[in-house]
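The values are calculated or read from the model by the stated rules, or taken from the named source; none is laboratory data. In this text the structure is predicted, and so the values were computed from the model without any measurement. Please note: Cβ atoms are built from the backbone with ideal geometry, for glycine as well, and neighbour counts cover all protein chains shown. Quick note on the areas: whole protein, heavy atoms, side chains included, nothing else; ligands and nucleic acids left out. Shrake-Rupley method; radii C 1.70, N 1.55, O 1.52, S 1.80 Å.
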Amino acid sequence: LLVYLSKTNPSRQAGSLKHTDIMKTNIHFFWIGLLLLLTQGMTAQPMVLSLEKTIQLAADSSLEAFRSKNLYLSGYWEFRNYKAERLPSLTLNLTPAQYYRDITKRYDSEADIDVYRKQQSFYAGGSLNLTQNFDWLGGSFYIDSDLGYMRYFGENTYNQFTSVPIRIGYSQDLVGYNAFRWERKIEPLKYEKVKKEFLYNMESISEQATTYFFALAMAQVEYDMAKENVANTDTLYRTGQERHKIAAISQEDLLTLKLDAVNAKNTLKNAEIALKRAMFSLASYLNFEKSEEIRLRLPSRPRDLHISVEEALTLARENNPEFLAMKQSILEAEQEVDRTKKEAMFNASVNASIGFNQVSSKFRDVYKDPLQQDIVAISVSIPLVDWGVRKGKHNIAKSNLSIAQTTAQQKEISVEEDVIMTVGDFNIQQNLISSAEEALDIALMAYQKTKQRFLIGKADINSMTLSLNRQQEAQRNYITALQNYWLSYYKIRKLTLHDFETGVSLSNEFDYEHEL
């Protein structure tokens, strides 16, 4: 911009423009230049993410997190419905209008014959019912009140009101299957499993986010090493050309340096492609814009943390949702065995109630001097011939119970093996990080010294190439050691639902945050 202003100075113009026009033009280009500078300064900077920030964003924004939260909410509301069903329910049933006009068959007692008669009637009524389930016996207590109105049209037109001011009763299956008792065992366990499955899925998200994070970290390291390698091979090739002029190296060595420079440029292009793919994968998982540019900040060396295998196994048995799923599957199989066993026998039920009722042609009299109403009903159902259907269902249920118990034992062994192996890997990875860090420092120092010796002619190409390869391999090994450490750590958290750094159970912390 300053160069342009100096070139457009009036003292250096041929006089084709006036002084005021030149000043206006200068001011115009000055503002354009300032706008360009501001626009360049406002361009989007790459997003810098740490591992902790990446995991936090994955837990908040990823599609997998959204799915896990909705799965939990589905289980939560299912448990709320179960709790609500244990409370008294009040229901109002209304029939505002019911009109009949038809021909119906009636018995004529005087003629001792059935005759068809016209019938026209109107009915309206309602009832209020209060019901409470009794889990221990599987029955239901109820209190209700009814009021109805009937009007008949025709030759004998008349009105009738009927009422049940109050009726108290209880219904119960005497020998049958008690679903309430099994729900009392299974539903709280199902909700506990859903809650811990949510925590398990969130820790799986942390594990997956760590995988994407270090995949991008490795791609960035490879890209940075490729750029550095391009610069180094160019420098070494130019140095080789100067040394070849004085016959300090052979033609074959010079060609080798040139080949290294060409290969380094090709490697840089491939590393750039791999970097874009890794960045796209992480951005997609975090539900970012696909064009989002991301730079990573590697986590520092973690502090020493020893995890006991026995402690991890104990916590896994207490918190891992797999163990709760095993227990639930066994309980549901036992429930089916109990149901099929009870249904194979005879069924008996009782329904008893006591209350009052009254009928009158006038509404004001329908609640006067009500008469006592007593109802007791016992019903029995006895299967006589079903060709072994009920017995077969019971045998199937018993077989399914045996399968559920065996499957639970297999899963328990599998989870325990996974915990033992993961804890062992984690404790080993801490030592590997220390070794990888030390190897990286040594490799960097050796490469710098070998490079300096090559530049002054005291090292050959093979030594230089070997030192560079070792330095790059040490960088890859360090990234891999960090990745394996954090993957093992978050897998242990997933298997045990326990934060070993703070010593806090993730399940207890979840209950506190959600006030459950």
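Annotations for the structure displayed:
- The equivalent ellipsoid that matches the C-alpha gyration tensor of the range 179-282 spans semi-axes of 61, 10, 8 angstrom, in descending order.
- If you look at the Cα atoms of the range 358-404, you get an Rg and a Dmax of 25.3, 67 Å.
- Placing a pseudo-label 7 Å from each Cα along the Cα-to-Cβ vector at Asp60 and Lys83 gives an inter-label distance of 2.9 nm.
- Computing FRET efficiency as 1/(1 + (r/R0)^6) for Asp234 and Arg303, where r is the C-beta to C-beta distance and R0 is 41 Å, gives about 0.50.
- Radius ratio Rg over Rh of the range 109-186, counting only Cα atoms, Kirkwood formula for Rh: 1.27
- Rg ratio (alpha-carbon, reference 2.2 N^0.38 Å) - the range 412-516: 1.67
- On Cα atoms only, tilt of 389-455 relative to the major axis of the chain in degrees: 20
- Against the chain, whose longest principal axis is taken from its Cα atoms, helix 321-344 shows a tilt of about 20°.
- Whole-percent P(r), the chain, all Cα pairs, 20 Å bins from 0: 14, 26, 24, 17, 12, 6, 1, 0.
- Convex hull of the range 381-451 built on C-alpha atoms - directionally averaged projected area, nm²: 9.4
- Rg/Rh for the range 288-412, where both radii come from Cα atoms and Rh is the Kirkwood radius: 1.40
- For the chain: accessible area per residue (Å², 1.4 Å): 62
- The range 129-288 - percent of accessible surface contributed by carbon and sulfur, probe 1.4 Å: 56
- Among 100-113, 323-336, the order from most to least packed when residues are scored by Cβ within 10 Å on average: 323-336, 100-113
- Partner lysines whose Cα lies under 18 Å from the Cα of Lys391, excluding those fewer than 8 positions away in the same chain, are identified as Lys341, Lys342.
- Net charge, Lys342 excluded, C-beta distance under 12 Å - Lys, Arg +1, Asp, Glu -1: +1
- Each helix, a run of at least 4 DSSP H residues, gives -39500 (n - 2.57); summed and divided by the residues of the chain, these come to -21500 deg cm²/dmol at 222 nm.
- Listed pairs Lys53/Lys449; Lys185/Lys393; Lys258/Lys451; Lys327/Lys398; Lys53/Lys83; Lys265/Lys449 exceeding 27 Å between Cα atoms: Lys53/Lys449; Lys53/Lys83
- Protection proxy ranking of 146-152, 478-484, 249-255, by the mean of other Cβ atoms within 10 Å over each peptide's residues and highest first, is 478-484, 146-152, 249-255.
- Amide hydrogen proximity for Ile249: with H placed 1.01 Å from N in the peptide plane, the residues at 5 or more positions away or on another chain lying under 5 Å are His244.
- Net charge of Cβ neighbours under 11 Å - reference Ser353; Lys, Arg +1; Asp, Glu -1: -1
- Short to long, the 5 Å bins of the Cα pair-distance histogram for the range 228-285 hold 4, 20, 19, 14, 12, 9, 7, 6, 4, 3, 1, 0 percent of all pairs.
- Axis angle, to the nearest 10 degrees, between helix 179-245 and the longest C-alpha principal axis of the chain: 10 degrees.
- Asp365-Asn156 pseudo-label distance in nm [points 7 Å out on the Cα-to-Cβ vector]: 1.7
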